[in-house]
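K.L.:
Here it is, the structure in full.
The values are calculated or read from the model by the stated rules, or taken from the named source; none is laboratory data. All values reported here derive from a predicted model rather than from experimental measurement. Neighbour counts are summed over all protein chains in view; Cβ atoms, including those assigned to glycine, are modelled from backbone coordinates with ideal geometry. In case anyone asks, the SASA skips ligands and DNA or RNA and just uses the protein heavy atoms, side chains included. Shrake-Rupley method; radii C 1.70, N 1.55, O 1.52, S 1.80 Å.
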Amino acid sequence: MLMRLLLLPPLAGGRAPRPASAPVREAEERPLQGSPAPALVLTPAGLMKEDKCEEPGPDSEPEGPQQPTEEEEALIEFHRSYRDLFQFFCNNTTIHGAIRLVCSQHNRMKTAFWAVLWLCTFVMMYWQFALLFEEYFSYPVSLNININSDKLVFPAVTVCTLNPYRYTQIKGELEELDRITEQTLYDLYKYKFNTTGTHPRGRRDLRDLRGPLLHPLQRLHDPASPPAARRARSNAASSMQDNNPQVNWKDWKIGFKLCNQNKSDCFYQTYSSGVDAVREWYRFHYINILSRLPNTFPSLEEDNKLGNFIFSCRFNQATCSQANYSHFHHPIYGNCYTFNSENNSNLWMSSMPGINNGLSLTLRTEQNDFIPLLSTVTGARVMVHGQGEPAFMDDGGFNLRPGIETSISMRKEALDRLGGDYGDCTKNGSDVQVKNLYNSKYTQQVCIHSCFQESMVKECGCAYIFYPRPDNVEYCDYRKHASWGYCYYKLQDAFSSDRLGCFSKCRKPCSVTSYKLSAGYSRWPSVTSQDWVFRMLSLQNNYTIKNKRNGVAKLNIFFKELNYKTNSESPSVTMVTLLSNLGSQWSLWFGSSVLSVVEMAEFIFDLMVITFLMLLRRFRSRYWSPGRGARGAQEVASTPASSLPSRFRPCPCSPSSSLPSSDASGTLSAPPPAYASLGPCPAPPSLAGASNSAFTVEEP
């Protein structure tokens, strides 16, 4: 049953209304006694039709309320109950299996079976939907690998001397440190080491020259070693010669003591290797000396000429010029030269692979004037990096061996990451919370070093000399910052364990270009050609090499091939893919389409409307005053006929018609409204010639 909202015309004698689409025509005249002239009535649809008021006979029974015909359609209609709605949906939907819930309703077992099957199918489908949405909102990515071939921009190449200063130039600043180091080596290892090149001093002379020095190097016994084991090793070592020190390295370690500002907390920076301990201790004091040197120290300018370190330079069979390189000084690796940097006017391009189409360098590697306790490696330091990126020689460099020709072949690789929801990367570092202290583009290493320097300035009050210094901040020196060593090593431990948060703050760049290197080595020059090669190098560069083979090295850097690999990320599940997967699941479980989804939405909407109407009817029946309909009927009945619109007035009848008493002639009486029908109520026998003017609306 459908609930309809209809407006029907007043009818006399309970006659069924004519269709609204019927044309205006005269009603058929039926010869009755005392019948009035035919009247023209306007229907609610806007059409007029001619009708006659007929009086019922004395023995005629009033007809019941007339129902609207099938041709009369309402604008909006809803089902009367949930059952009607469900039956209509199952009989007309395009979803497979729904009709089985209706056609097998006389068989309860089949109905229950199909109901359970239909419900399980719904559960399975929406479980698959949940999995698809979970995958989509996890933002997975796919890695696309492309192989391209084109002319390649040659990367930047940085070469360093592995010696920060000429020892003869900085000897005055290091004299006190070197003498104390000599005494420390004698006390610990009974080794007489001479850094000045003169005859070694006696033990008493060394003690006399020893001045006050903060953080001396000490020998620390290992409390974890049991006394019995120490005695056993001591007896075994008693057979050694008297002039050799009896060093039981398993019983003790080498280190130096560091304390905070008020000496309330101290610790020993220890090493199990004596070589490592001496180098680190010497480097610690060397950093303090460097912080006192002016920026215009003479030794910085003596070796910055390209010819003093690089004997020859060629790229793509052409000689290098001064415009092809830039110079900077590193506190540990000395004078460094960067070829094909971003500051160059014309970047080098490689149009052919091979050793003859790359960079070829002949380097000076002799160590006649190196700092002996700081520079323990001979050769040169090399790093290949991109333009605009700083050269972190500690992180990505490698050493060249003297007397060897090192050939480095390269392969370029590019990586493009997705940012936003798909990955934690940054395009240019502007959204990173760490300030870039380097005059270069953003890289993760730049951010990490800048983060450590910021923490160093914040916690220790001074800047570490190996990293760029912020404005208005001094480099660390224990004469000005007594506890900076304690603070630095504590901070270094926190940095290594990521307690500073630098690795989480510094995100990876979205676009990265790297170079995969492969090295090959050969002896250079050969035995048969070394005489004339060394002779030409000495004459050309006006430099006499004492140890010929240990004084030079050759470096070749070139592209192995011009094919380069590009790794790019793309969304693995896009919106189109998600909709396609959802449609596939819907078709798999129900064999329907998008319109079936609309049918389901319409079913849910109708369900909500029916629920609302039922609640509204319950609300009206509970909170509205009873008898409201009777009072309304009385008000309508007491309304004079002359005050009603003409279309609702009763049809005029002939004087001979049977009328009620004269006291009711001035008013229009009507029975209470019938809520079970939207049709007009039949006129009572006393008002055979009058039309019913009361309208009712069917409740849901």
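K.L.:
Name the residues in the range 398-413 that are open to solvent by less than 10 Å² (accessible area, probe 1.4 Å) and either in contact with a Phe, Trp or Tyr (Cβ under 8 Å, 6 or more places away or on another chain) or in a loop (DSSP other than H, G, I, E, B) (or both), would you?
P.N.:
Step one: filter the range 398-413 for residues open to solvent by less than 10 Å² (accessible area, probe 1.4 Å), giving 400, 403, 406, 408, 410.
Across the range 398-413, the qualifying residues are Gly403, Thr406, Ile408, Met410.
K.L.:
Give me the residue from the range 105-121 that is in contact with a helix residue (DSSP H, G or I) (Cβ under 8 Å, 6 or more places away or on another chain) and either over 17 Å from Leu588 (Cβ atoms) or modelled with pLDDT of 85 or more (or both) and, out of that set, surrounded by the most Cβ atoms within 10 Å (Cβ to Cβ).
P.N.:
Trp114
Let's see how each residue does on (1) more than 25 Å from Gln444 (Cα to Cα); (2) more than 20 Å from the chain's Cα centre (by Cα):
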{"position": "Ser511", "(1), (2)": "no, no"}
{"position": "Tyr521", "(1), (2)": "yes, yes"}
{"position": "Gly551", "(1), (2)": "yes, yes"}
{"position": "Tyr564", "(1), (2)": "no, yes"}
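K.L.:
Please go through the range 437-453 and give me each residue that is open to solvent by 40 Å² or more (accessible area, probe 1.4 Å) and within 25 Å of the chain's Cα centre (by Cα), ordered by number.
P.N.:
Listed by number, the residues that qualify are Lys441, Gln444, Gln445.
K.L.:
Consider the range 298-332. How many of its residues are assigned to a helix (DSSP H, G or I) and at pLDDT 85 or above?
P.N.:
Count: 1.
Yes or no, residue by residue, for (1) out of contact with any helix residue (DSSP H, G or I) (no Cβ under 6 Å at 6 or more places or on another chain); (2) farther than 21 Å from Lys565 by Cβ; (3) open to solvent by 20 Å² or more (accessible area, probe 1.4 Å); (4) part of a loop (DSSP other than H, G, I, E, B):
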{"residue": "Thr338", "(1), (2), (3), (4)": "yes, yes, no, no"}
{"residue": "Pro372", "(1), (2), (3), (4)": "yes, yes, yes, yes"}
{"residue": "Val377", "(1), (2), (3), (4)": "yes, yes, yes, yes"}
{"residue": "Leu418", "(1), (2), (3), (4)": "yes, no, yes, yes"}
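K.L.:
Please name all residue pairs, on different chains or six or more residues apart, with Cβ atoms under 9 Å, provided the first residue is in the range 518-536 and is without any contact (Cβ under 8 Å) to a residue 60 or more places away in the chain and the second residue is aromatic (Phe, Trp, Tyr).
P.N.:
Going by the 9 Å Cβ cut-off, the qualifying pairs are Pro525/Trp532; Pro525/Phe534; Gln530/Trp524; Val533/Trp524.
K.L.:
Give Gly388, Gly419 a once-over and let me know the one that is on the phi > 0 side of the Ramachandran plot and touching a residue at least 40 places away in the same chain (Cβ under 8 Å).
P.N.:
Every option except Gly388 fails the conditions.
K.L.:
Across the range 420-431, which residue is nearest to Phe392 (Cα to Cα) among those that are open to solvent by 20 Å² or more (accessible area, probe 1.4 Å) and in contact with a strand residue (DSSP E or B) (Cβ under 9 Å, 6 or more places away or on another chain)?
P.N.:
Asn428
K.L.:
Then there is this: Pick from the range 569-591 the residues that are open to solvent by 70 Å² or more (accessible area, probe 1.4 Å) and at pLDDT 90 or above: which of them is nearest to Ala130 (Cα to Cα)?
P.N.:
Leu579
K.L.:
Return the only residue of Ser514, Ser518 being touching an Asp or Glu at 6+ places or on another chain (Cβ under 7 Å), modelled with pLDDT of 90 or more, open to solvent by 30 Å² or more (accessible area, probe 1.4 Å) and assigned to a strand (DSSP E or B).
P.N.:
On the way: Ser518 fails: touching an Asp or Glu at 6+ places or on another chain (Cβ under 7 Å).
The match here is Ser514.
K.L.:
Among residues belonging to the range 454-510 that are under 28 Å from Lys427 (Cβ atoms) and among the acidic types (Asp, Glu), point out the one that is surrounded by the most Cβ atoms within 10 Å (Cβ to Cβ).
P.N.:
Glu454
K.L.:
For the range 592-630, how many residues are modelled with pLDDT under 85 and more than 17 Å from Ile95 (Cα to Cα)?
P.N.:
Number satisfying all stated conditions: 9.
K.L.:
If Thr566 satisfies all but one of (1) within 23 Å of Phe154 (Cβ to Cβ); (2) touching a Ser or Thr at 6+ places or on another chain (Cβ under 7 Å); (3) surrounded by 15 or more Cβ atoms within 10 Å (Cβ to Cβ), what's the number of the condition it fails?
P.N.:
(2)
K.L.:
Here's another thing I want to ask about it. In the range 471-509, which residue that is closer than 15 Å to Cys447 by Cβ, assigned to a loop (DSSP other than H, G, I, E, B) and not small (Gly, Ala, Ser) is nearest to the chain's Cα centre (by Cα)?
P.N.:
So the residue we want is Arg507.
K.L.:
Among the residues of the range 152-179 satisfying the criterion of being modelled with pLDDT of 85 or more and touching a Gly at 6+ places or on another chain (Cβ under 7 Å), which is nearest to Thr378 (Cα to Cα)?
P.N.:
Result: Leu162.
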